[in-house]
Amino acid sequence: MISNLKEQPLEHKEGVICHQWNNAKRIWNNIENGKSNSIGIERFLKLILIISQFFFPGIYVRAFFGRKGKLHKHLGVELQVVLKLIIAIIILIFGFYNSTTTILGFKIINFWSMWMILETLFYTGNLVFSEEVFSKPHSNKRNLILIIIDYITLNYDFAILYLANKAIQQSVDGKLEIITKAYDAIYFSFISSLTIGYGDIVPTHEGRGLATFQSFSMLIFGVLFLNFYLSRANNK
């Protein structure tokens with residue numbers, strides 16, 4: 001059985017999307033939980049993070065599954081997280097990162113990977129900076145599992161970007177050659193996310209910006225998650 005819990009209605013009767021929009025209006029009016037408690041940069045950042053969710057699929061997944069209740073909404077979120085990981089694996093296994101299909105001059109594969117990366121970062125930021133507008137998690141351990149899956153997916157998405165843009169290279173017989181194998185790109189992505197860097201694989205001149213973006217993104221992701229998880233654990 002997926003769960004032995006009984007289905008319960010959502011805490012907010014207006015639905016997920018309307019609730020999110022009302023959250024944005026409360027932050028704009030600086031009225032959260034009946035009081036004004038954020039100013040300046042914090043208030044501006046909260047507003048950006050809340051509004052950003054309308055540009056990513058997560059809120060619509062929660063809205064679709066949430067029509068049946070809280071349990072289905074939680075399962076819908078888990079389904080989305082797992083599907084993101086599966087899609088990234090499929091792209092790497094079957095070499096879809098070599099696709100040159102573009103929209104407005106921008107590679108679709110680049111758009112997809114960046115979209116997924118930004119969704120994870122913005123959603124995690126929401127959990128920290130707008131914690132008061134989110135419902136309490138079903139389980140802190142469940143959140144930990146989901147965040148680990150997100151971490152793996154983030155690294156896979158960056159590996160896709162490295163391969164799609166020929167952004168990493170290694171020395172072979174004294175000559176630098178562009179890496180085209182998914183395994184090597186995954187290895188470099190995980191090592192870079194941990195800021196280790198053995199020097200056997202290095203970014204190209206054009207790929208340095210992408211490597212810097214990954215390091216910065218993973219640092220933000222780690223800090224945000226630790227902040228969120230520890231605060232929830234302490235509250236519990």
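Quick one: count up the residues across region 162-202 that are farther than 16 Å from Gln214 by Cα and of a type in the set (Lys, Arg).
Number satisfying all stated conditions: 2.
Give region 37-70 a look and list any residue that's over 20 Å from the mean Cα position of the chain (by Cα) and at pLDDT 80 or above, or say none.
Hits for region 37-70 are Ile41, Arg43, Phe44, Gly66, Arg67, Lys68, Gly69, Lys70.
Determine whether region 203-214 contains at least one residue that is part of a helix (DSSP H, G or I), at pLDDT below 90 and hydrophobic (A, V, I, L, M, F, W, C).
no
Considering only residues of region 23-36 that are at pLDDT below 65 and polar (S, T, N, Q), which is most open to solvent (accessible area, probe 1.4 Å)?
Asn33
The values are calculated or read from the model by the stated rules, or taken from the named source; none is laboratory data. Every value quoted in this text rests on a predicted model; they were computed, and no experiment measured them. To get the accessible areas, we keep the full protein, side chains included, count just its heavy atoms, and leave off ligands, DNA and RNA. Shrake-Rupley method; radii C 1.70, N 1.55, O 1.52, S 1.80 Å.
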